1. How many residues are in contact with a Pro (Cβ under 9 Å, 6 or more places away or on another chain) and among the charged types (D, E, K, R) when one looks only at the range 164-190?
2. Look at the range 27-64 and say how many of its residues are touching a strand residue (DSSP E or B) at 6+ places or on another chain (Cβ under 7 Å), more than 24 Å from S274 (Cα to Cα) and not in a strand (DSSP E or B).
3. Give, as residue ranges, the helices (runs of 4 or more DSSP H) completely inside the range 184-291 that count at least 2 residues that are without any contact (Cβ under 8 Å) to a residue 12 or more places away in the chain and not assigned by TED's automatic domain parsing to the domain that holds D167.
4. For L89, only one of the following conditions fails: (1) touching a Lys or Arg at 6+ places or on another chain (Cβ under 6 Å); (2) surrounded by fewer than 19 Cβ atoms within 10 Å (Cβ to Cβ). What is its number?
5. Output the residues belonging to the range 495-524 that are of a type outside the set (S, T, N, Q) and part of a helix (DSSP H, G or I).
6. Restrict the check to the range 332-341 and report whether at least one residue is closer than 30 Å to V499 by Cβ, modelled with pLDDT of 95 or more and touching a strand residue (DSSP E or B) at 6+ places or on another chain (Cβ under 9 Å).
7. Keeping to the range 402-424, report how many residues are in contact (Cβ under 8 Å) with a residue 12 or more places away in the chain and either aromatic (F, W, Y) or out of contact with any helix residue (DSSP H, G or I) (no Cβ under 8 Å at 6 or more places or on another chain) (or both).
8. Among the residues of the range 165-178, is any under 34 Å from the mean Cα position of the chain (by Cα), outside the structural domain of A275 (by TED's automatic domain parsing), surrounded by 21 or more Cβ atoms within 10 Å (Cβ to Cβ) and under 30 Å from G314 (Cα atoms)?
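The values are calculated or read from the model by the stated rules, or taken from the named source; none is laboratory data. No experiment lies behind these values; they were computed from the predicted model shown. When we count neighbours, we look across all protein chains shown, and the Cβ atoms used for this are built from the backbone with ideal geometry, even at glycine.
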Amino acid sequence: MYALLSRLSKDAMTLEEFQKEHKDAAIALTMQNMDYVILSNMVKPSSAQVNYEISYTTTLLGTISRSTIMNLTLEENVWHVQWDASMILPELAGGNRLELTYEIPARGNIYDEYGYPLVAQDDAVAIGIVPGKIDPENEDGMVSFLANLLDVSEDSIREKYAYAQADWYVAIGDVSAAVAQQYSDRFDRYPGIVLSPFRSRYYYDGGIAPHVTGYVLSISPEELEEYQRKGYRGDEKVGAAGLEAWGESYLAGKHGASLFIKDPQGQVVTKLASAPAEPANSIYTTIDSTLQYNLQHSMGDYLGAIVVMERDTGRVLAMVSNPGYNPNLFEPVNFNSMMLESVLNDPKLPLYNRATQGVYPLGSVFKIITMAAALETGVFTPDYPYYCGSTWTELQGVTLYDWTYDRDLPASGELTLQEGLMRSCNPWFWHIGYTLWNEGYTTAIADIASGFGLGKKTGIEIQEFEGRLEQPTSVSENVQLAIGQGTLQVSPLQVASFVAAVGNGGTLYRPTVVDKIVPVSGGDPVYQFEPDEISKLPVTEENLAAIQEAMVMVVRNPRGTATNQLSSVSVRIAGKTGTAENPIGDSHAWFAGYTFNNDPNKPDIAVAIILENAGEGSEMAAPLFRRVVQLYFSNNENPSGTMPWEESPYVTATETPEATPE
């Protein structure tokens, strides 16, 4: 519009000043869009006047409408605008300006499913150590105290300050002020400990389900105008990840505002408009914080993920991505925020949610889907026999080897299709991929996989990746897809979702981590979770029952691949082991399964587990499934023994044993 201004107007105002005047007005109005209607006009030989009504749709103040006038002048036979700020609003004539004041409601909290706070505004204390102040006589006691308080190993505490200079401050962790007060006498015993109080949006227990809750950040300069137009003052913290980001509009509430006209001397001329603040809402998640906390301490040093969801609803009870991180480090007033740089630069990518954003080859867990395709085409039946040898040579010029060959074990021998799944026989499923392709069912496996939800987002509230599911273009690609290899990429959440559907009779539910959203001020929920059916698995009831039976055989039959780890579990379970080859490092260990106790007081669950580069799914991931099931059905009292990498439950051994191949 600046190009349309008269020469006199341009002389009085630069382009930058013109742009700033409009931008400042738009921000003060919290303008979202603008409309106008021409009411009348009057034209003279060298001047004109247009009377129009302008309407601003704003975020905080509703619609503001005014009638005003545009004056024009004829210069070199072209009409030009004689600019005046009253064209924005008539009240801005004479050098007046807009000023918006805010009333900002307190941000809503985030709770677990039982109302335990995961995130809230609170007083907290940063804990650090100054090595030169440590009393050598009570150093062991200090380290033991901090390790127990923060639920970390003593070695990890010592490693933090092992090479620090005597006068350095070494960040250790943080606790709520209430916890610090509870142990104040213990802190006083150790002069090497330094406490630094702070108040902020606090993530309890070092971050429970941090990839679910996410974290908040200050508004960046690049986003400032966008947020101001949304009604933010600009100095607030806003959700940057997880539910903090997804639920921003709920957690932030609605700012109250008053829009004033001030004269050039800064005196208020009039109040143009106002609106009261609307209280924020709190989010109650589906997360069982105790189960989540225990599982966060169950993965040792392995990278990977665990997803636990209710089999018949899609409610996610635990979502672990290892390694995790402490969201409190994003708070600048936390003295230990100096540790944030190490988190951001960590090659293990602790901020990356491996449960929803991590996508991997699925390996033998995919055989559930291949079995479904084999049955649905009618080419195979559950009791169809096939000899499972140590090698497979049906594909001309190619020799492939079963997992029994790699472990120097006898071949599995003749197996029915159900027994093939039970034994995780690779030749059986290569044979399926080969046969279906040659019988003309070239898209059957990929089509069934799509029907199981692979290659697409699940619809969960937090950020996720859809993975990759491609139609094979050759018989060799179909053979690899049949055992979950090739270009296939899936997330643990997708796996938990389709395994839940197998267990519940064929219904794919949209996974959720939000149970309800409730006003901070009380009252009825503004949102209450109801199961959301996405689709039905493309499998008949009869064929699904055959798959379910085969998955029970995996964990109960003496020849099942997971029997050694899961035979002692008293809960009724079904599952599938998986070991997925990847081009970098050892294979990934998978296990996916579900329970079918049918207890009305304890909903059945589905679980998906991956441990990156951990080797054999039956030996490394299956024990974690055992722990999940036993914890859940014992109300978190029974950790079900130790994991292969633990010296005691939740305590990682000093040296993790080398994983064995499948």
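1. Residues that pass the stated criteria total 1.
2. Result for the range 27-64: 1.
3. Qualifying helices (runs of 4 or more DSSP H): 224-229, 248-251.
4. So the condition that L89 fails would be (2).
5. V495, A496, F498, V499, A500, A501, V502, G503
6. For the range 332-341, residues closer than 30 Å to V499 by Cβ, modelled with pLDDT of 95 or more and touching a strand residue (DSSP E or B) at 6+ places or on another chain (Cβ under 9 Å): absent.
7. Final tally of qualifying residues: 9.
8. No.
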